[in-house]
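Here is the structure we will look at, set down as structure tokens.
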Amino acid sequence: MLKYILRRLLHLIPVLLIITIILFAMLQIMPGDPVNAYLGIGSNATVEQQQQIREMLGLDQPVHIQ
């Protein structure tokens with residue numbers, strides 16, 4: 001039984017990695033700006049504030065670093 005559980009846990013690692021990569025790719029492909037979605041509709045944030053949020057969330061980094 002322990003052997004079965006360990007084998008299932010080892011199979012879980014690549015599955016989680018693949019799901020993570022697929023979700024990240026989908027978020028990159030989606031249209032729109034994540035900062036605007038984060039702030040919500042009708043926010044009064046200035047361009048400088050939006051840039052600060054991009055830096056805080058790491059959205060100003062290249063894709064391989066994000």
message = Can you give me the accessible area per residue for the chain, using a 1.4 Å probe, in Å²?
response = 90
key: Cα-based helix-to-principal-axis angle, 2-29 vs the chain, degrees rounded to 10   = 20
ask   = To the nearest 20 debye, what charge dipole does the chain have about its Cα centre, counting +1 at the Cβ of each Lys and Arg and -1 at the Cβ of each Asp and Glu?
value = 660
message = Could you work out what % of the accessible surface of the chain is carbon and sulfur, using a 1.4 angstrom probe and leaving DNA, RNA and ligands out of the count?
response = 69
note = Helix-only [θ] at 222 nm, the chain, -39500 (n - 2.57) per DSSP H run of 4+, per residue, nearest 500, equals -22500 deg cm²/dmol
query = If you compute Rg and Dmax of the Cα atoms in Å for the structure shown, which of [x] 15.0, 46; [y] 18.8, 61; [z] 18.2, 58 do you land on?
reply = [z]
task = Round to the nearest 10 and give me the degree value, 0 to 90, for the angle of helix 47-57's Cα axis relative to the longest principal axis of the chain.
result = 10
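The values are calculated or read from the model by the stated rules, or taken from the named source; none is laboratory data. This structure is a prediction, so every number in the text was calculated from the model and none was measured. Positions of Cβ are generated from backbone atoms using ideal geometry, with glycine treated the same way; all protein chains shown enter the neighbour counts. For the accessible areas, the whole protein counts, side chains as well, though only heavy atoms, and no ligand, DNA or RNA atoms are used. Shrake-Rupley method; radii C 1.70, N 1.55, O 1.52, S 1.80 Å.
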